[in-house]
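The values are calculated or read from the model by the stated rules, or taken from the named source; none is laboratory data. Because the structure is a prediction, the values reported are computed rather than measured. As a convention, Cβ positions derive from the backbone with ideal geometry for all residues, glycine included, and neighbour counts pool all protein chains shown. The accessibility values were calculated without ligands, DNA or RNA, using every heavy atom of the protein model including side chains. Shrake-Rupley method; radii C 1.70, N 1.55, O 1.52, S 1.80 Å.
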Amino acid sequence: MDSLSTGRVARTLQHLFTEAEQADRPLMAQFVDAAHPEQLIADTIAHHVAEERRDLRGFYRGYADNFLNVAPEYGRFLYQCARARKATRIVEFGTSMGVSTIHLAAALRDMGGGQLIGTELEPGKAARARANLEAAGLADLVEIRVGDASETLADVGGEVDLVLLDGAFSLYLPVLKLLEPHLKTGTPILAENAFDHDNEYLAYVRDPANGYLSQPIPISEGRGNEFSVFTR
Ligand SMILES: C[S@@+](CC[C@H](N)C(=O)[O-])C[C@H]1O[C@@H](n2cnc3c(N)ncnc32)[C@H](O)[C@@H]1O
């Protein structure tokens with residue numbers, strides 16, 4: 001039995017997915033109704049990157065009540081990756097309300113423990129994520145660092161078995177480079193919203209000279225999910 005399917009973790013996730021659907025419905029409706037969704041996504045990414053570079057904190061404050069969470073199937077994939085990797089130290093960039101965090105921490109719990117370091121720019125979201133982790137019975141495994149990942153992830157305290165990148169798009173490459181000295185051979189790096197539009201992160205991980213094997217994966221299709229493995 002795994003804790004995703006039963007007990008406090010399953011109940012908390014079920015509740016959070018319902019809450020998230022309600023909170024993010026207006027935001028997501030524009031994509032569902034779009035005549036040319038791919039063009040809308042490209043335009044949205046370009047806009048996000050420009051706004052993040054102009055005012056990172058101000059931009060994400062505008063999403064303080066949005067979950068922007070991973071889909072259930074992607075959450076299960078995160079759990080599976082952590083189990084396959086026998087991860088004991090996981091780093092997550094972009095915690096939001098803790099939906100992805102709960103999936104990853106559940107994998108740690110089911111393997112006997114470990115440590116997850118997450119980071120979130122918005123203090124209110126970090127507080128809600130902590131409360132959600134408490135509800136799921138996983139809070140003892142997770143440290144959520146409030147602030148900008150470029151600073152909060154400067155010291156992750158040792159080798160990292162798995163990385164999830166799910167924060168500001170424009171920081172994926174700088175954050176990966178920050179973590180690179182701590183990656184082990186075979187560490188998977190999962191990036192959400194890594195779309196192919198003028199993306200320096202994808203160019204880096206898809207160039208074998210940089211020591212990664214990387215490709216998009218069709219889980220949660222259309223969400224720009226890139227799966228990379230550190231091979232150095
Ligand atoms: C897509 S959401 C994360 C969703 C989360 N992984 C989940 O599945 O529930 C992105 C989050 O990253 C946070 N964020 C953006 N830039 C950040 C930064 N530089 N450092 C830390 N967190 C950041 C945002 O405030 C936002 O809550």
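Against the list (1) more than 18 Å from N193 (Cα to Cα); (2) at pLDDT 95 or above, the condition A35 fails is (2). Taking residues in the stretch 16-29 that are in a helix (DSSP H, G or I), and partners anywhere that are open to solvent by less than 40 Å² (accessible area, probe 1.4 Å) and more than 11 Å from the ligand (Cβ to nearest atom), not one pair has Cβ atoms closer than 6 Å while being at least 6 places apart or on different chains. Looking at G158, is it free of Cβ contacts under 8 Å to residues at least 60 places away in the same chain and of a type outside the set (V, I, T)? Against the criterion (free of Cβ contacts under 8 Å to residues at least 60 places away in the same chain and of a type outside the set (V, I, T)), G158 does not qualify. The set of residues in the stretch 132-166 that are over 14 Å from L104 (Cα atoms), out of contact with any Asp or Glu (no Cβ under 7 Å at 6 or more places or on another chain) and of a type outside the set (G, A, S) comprises E134, R145, D148, E151, T152, L153, D155, V156, E159.
Of all residues in the stretch 198-211, those satisfying the criterion of being under 19 Å from the mean Cα position of the chain (by Cα), of a type outside the set (A, V, I, L, M) and either farther than 13 Å from E226 by Cα or not in a loop (DSSP other than H, G, I, E, B) (or both) are E200, Y201, Y204. Just checking: which of the strands (runs of 3 or more DSSP E) contained wholly in the stretch 107-192 hold 2 or more residues that are within 16 Å of the ligand (Cβ to nearest atom), at pLDDT 95 or above and open to solvent by 10 Å² or more (accessible area, probe 1.4 Å)? Qualifying strands (runs of 3 or more DSSP E): 142-146. Among the residues making up the stretch 62-93, those that are near the ligand (Cβ under 8 Å from one of its atoms) and open to solvent by 10 Å² or more (accessible area, probe 1.4 Å) are Y63, A64, N66, L68, N69, F93.
Residues of the stretch 1-29 being farther than 22 Å from F77 by Cβ and open to solvent by 90 Å² or more (accessible area, probe 1.4 Å), which ones? Matches in the stretch 1-29: Q22, R25, P26. Taking P37 and the conditions (1) more than 13 Å from the ligand (Cβ to nearest atom); (2) out of contact with any Ser or Thr (no Cβ under 9 Å at 6 or more places or on another chain); (3) closer than 15 Å to L190 by Cβ; (4) not small (G, A, S), which numbered condition does it fall short on, given that it satisfies the others? For P37, the failing item is (3). Does the stretch 211-230 contain at least one residue that is among the charged types (D, E, K, R), open to solvent by 40 Å² or more (accessible area, probe 1.4 Å) and in contact (Cβ under 8 Å) with a residue 12 or more places away in the chain? Yes, the stretch 211-230 has at least one match.
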